[in-house]
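The values are calculated or read from the model by the stated rules, or taken from the named source; none is laboratory data. None of these values were measured; they are calculated from a predicted model. Cβ coordinates were reconstructed from backbone atoms using ideal geometry, including for glycine residues, and neighbour counts include every protein chain displayed. Note: areas computed on protein heavy atoms with side chains; ligands, DNA, RNA excluded. Shrake-Rupley method; radii C 1.70, N 1.55, O 1.52, S 1.80 Å.
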Amino acid sequence: MTHYDYLDQYLLNDFSRSAHTIKAYRSDLRQMRLHQIDWSIASLRRYFHWMKAHYKPSTILRRYHVLRRLGNVLVERRRIKKNPMVEIRPIVHQRLQDETYHDSEELIPVIRQIQNSTYRLFFEVLSQTGLRFMEARLLTVQDFDLAKNELYVRHGKGGRTRTVPIGETLCEKIVLFLADRTTGYLFQSVTGRMINEHAARRALREVGFTSLKRHVRPHMLRIAYATYLYQQAGLKLLDIKRLLGHASISTTEGYIRSQTNHVRDVLNRLSA
């Protein structure tokens, strides 16, 4: 079995990531295979050099991180001794984030318009904790600690676990939502399974189009949370990194949105 086949099979059986993420990872693998790139430093360097001439920097950087993670899988499963992606230099592209950006104080009222009570509370938790979509889906009732006002995230990215504090009002909403239920997923379907990913995303998308005239994605809530903590609450990047469950503080920095609209106003006045 080739490394491609092995990783494809691995992804098909990976339940720690969302279906959307799995689809994107498999697409990146197919592109790599299409260009006949093997897991060697020289081959990967040629691949990324070629991509610089054909793709946007954001696409190249995303693919870099995906292949690095998949290379780590091959090392963990002892199919290769060392991840060749460690020797590949990622593209560096500095720019202000182009803001069609909405902050947490703008997004939370939109979320509260979701009709389904389960999806509504689910996205309130995402917006006020910065949890990833799959992390929140996998929460169980036992992961909710009412005494400490905390959520225990046991299915973090990269196998990392963390404890995330939550506000008192959100705690009260969770208590009312659970009623007397003491087992199962925190957010579950009528059959006791995890909530349906596509239905949840559609509920958020619909209220986004209604209120903001745009597609609101779950990841936007995570970015808004990080930006709010940094710009409005004044938290340090290291604290935000721990709350988000990032392995690197440079990843956290990429989540913080600058006040681009303000910058553009200044530049417009300069060019007037």
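Hey, can you tell me all the residues within region 220-235 that are open to solvent by 50 Å² or more (accessible area, probe 1.4 Å) and either touching an Asp or Glu at 6+ places or on another chain (Cβ under 9 Å) or part of a loop (DSSP other than H, G, I, E, B) (or both)?
Step one: of region 220-235, the residues open to solvent by 50 Å² or more (accessible area, probe 1.4 Å) are 228, 230-235.
Tyr228, Gln231, Gln232, Ala233, Gly234, Leu235 - these are the residues of region 220-235 that are open to solvent by 50 Å² or more (accessible area, probe 1.4 Å) and either touching an Asp or Glu at 6+ places or on another chain (Cβ under 9 Å) or part of a loop (DSSP other than H, G, I, E, B) (or both).
Take Thr182 and decide whether it is in contact with a Phe, Trp or Tyr (Cβ under 7 Å, 6 or more places away or on another chain) and either surrounded by 12 or more Cβ atoms within 10 Å (Cβ to Cβ) or part of a loop (DSSP other than H, G, I, E, B) (or both).
When the stated conditions are applied, Thr182 does not pass them.
Consider only pairs whose beta carbons are under 6 Å apart and that are at least six residues apart or on different chains; among these, list those whose first residue lies in region 190-206 and is more than 12 Å from Gln115 (Cα to Cα) and whose second residue is modelled with pLDDT of 95 or more and of a type in the set (A, V, I, L, M, F, W, C).
Between residues of region 190-206 that are more than 12 Å from Gln115 (Cα to Cα) and residues that are modelled with pLDDT of 95 or more and of a type in the set (A, V, I, L, M, F, W, C), the close pairs are Ile195/Phe187.
Restrict the check to region 245-255 and report whether at least one residue is at pLDDT below 95, among the hydrophobic types (A, V, I, L, M, F, W, C), buried (at least 20 other Cβ atoms within 10 Å of the Cβ) and within 22 Å of His65 (Cα to Cα).
no
Would you pick out the residues in region 26-82 that are on the phi > 0 side of the Ramachandran plot and either in contact with a Gly (Cβ under 8 Å, 6 or more places away or on another chain) or among the basic types (Lys, Arg) (or both)?
Arg78 - this is the single residue of region 26-82 that is on the phi > 0 side of the Ramachandran plot and either in contact with a Gly (Cβ under 8 Å, 6 or more places away or on another chain) or among the basic types (Lys, Arg) (or both).
Which pairs have Cβ atoms under 7 Å, sit 6 or more apart or on different chains, and link a residue in region 35-50 that is farther than 18 Å from Tyr6 by Cα to one that is of a type outside the set (Val, Ile, Thr) and open to solvent by 20 Å² or more (accessible area, probe 1.4 Å)?
From region 35-50, the pairs are Ile41/Glu87; Tyr47/His35.
Just checking, which of Ser16, Ser27, Ser58 is open to solvent by less than 80 Å² (accessible area, probe 1.4 Å), part of a helix (DSSP H, G or I), under 29 Å from Gly159 (Cα atoms) and modelled with pLDDT under 90? Spell out how you get there, then give the answer.
Working: Ser16 fails: part of a helix (DSSP H, G or I); Ser27 fails: modelled with pLDDT under 90.
So the residue among Ser16, Ser27, Ser58 that is open to solvent by less than 80 Å² (accessible area, probe 1.4 Å), part of a helix (DSSP H, G or I), under 29 Å from Gly159 (Cα atoms) and modelled with pLDDT under 90 is Ser58.
Taking only pairs six or more apart or across chains, which ones have beta-carbon atoms under 7 Å, a first residue in region 144-162 that is within 20 Å of Arg69 (Cα to Cα), and a second residue that is in a loop (DSSP other than H, G, I, E, B) and among the polar types (S, T, N, Q)?
Listed by first residue and then by second, the contacts come to Arg154/Thr161; His155/Ser16.
Return the pairs, sorted by first residue and then second, in which the second residue is among the polar types (S, T, N, Q) and not in a helix (DSSP H, G or I), the first residue lies in region 213-230 and is over 16 Å from Val164 (Cα atoms), the beta carbons are less than 7 Å apart, and the residues are 6+ apart or on different chains.
Pairs that qualify, where the first residue is over 16 Å from Val164 (Cα atoms) and the partner is among the polar types (S, T, N, Q) and not in a helix (DSSP H, G or I), are Arg214/Thr100.
Could you check region 236-252 and list, in sequence order, the residues that are in contact (Cβ under 8 Å) with a residue 12 or more places away in the chain and in a loop (DSSP other than H, G, I, E, B)? Talk me through it step by step, then tell me what you get.
Going residue by residue through region 236-252, those that are in contact (Cβ under 8 Å) with a residue 12 or more places away in the chain are 237, 240, 242-245, 247, 249, 252.
Matches in region 236-252: Gly245, Ala247.
If we keep just the residues of region 113-164 that are over 29 Å from Leu237 (Cβ atoms) and not in a helix (DSSP H, G or I), which is least open to solvent (accessible area, probe 1.4 Å)?
Filtering region 113-164 for residues that are over 29 Å from Leu237 (Cβ atoms) and not in a helix (DSSP H, G or I), the one least open to solvent (accessible area, probe 1.4 Å) comes out as Ile114.
Restricting attention to region 206-218, and to residues there that are out of contact with any Lys or Arg (no Cβ under 8 Å at 6 or more places or on another chain) and not small (Gly, Ala, Ser), which single residue is surrounded by the most Cβ atoms within 10 Å (Cβ to Cβ)? Give the steps one after another, and end with the answer.
Narrowing region 206-218 to residues out of contact with any Lys or Arg (no Cβ under 8 Å at 6 or more places or on another chain): 206-207, 209-214.
Narrowing the set further to residues that are not small (Gly, Ala, Ser) leaves 206-207, 209-210, 212-214.
Details: Glu206: 15, Val207: 21, Phe209: 12, Thr210: 10, Leu212: 14, Lys213: 7, Arg214: 12.
Filtering first and then ranking leaves Val207.
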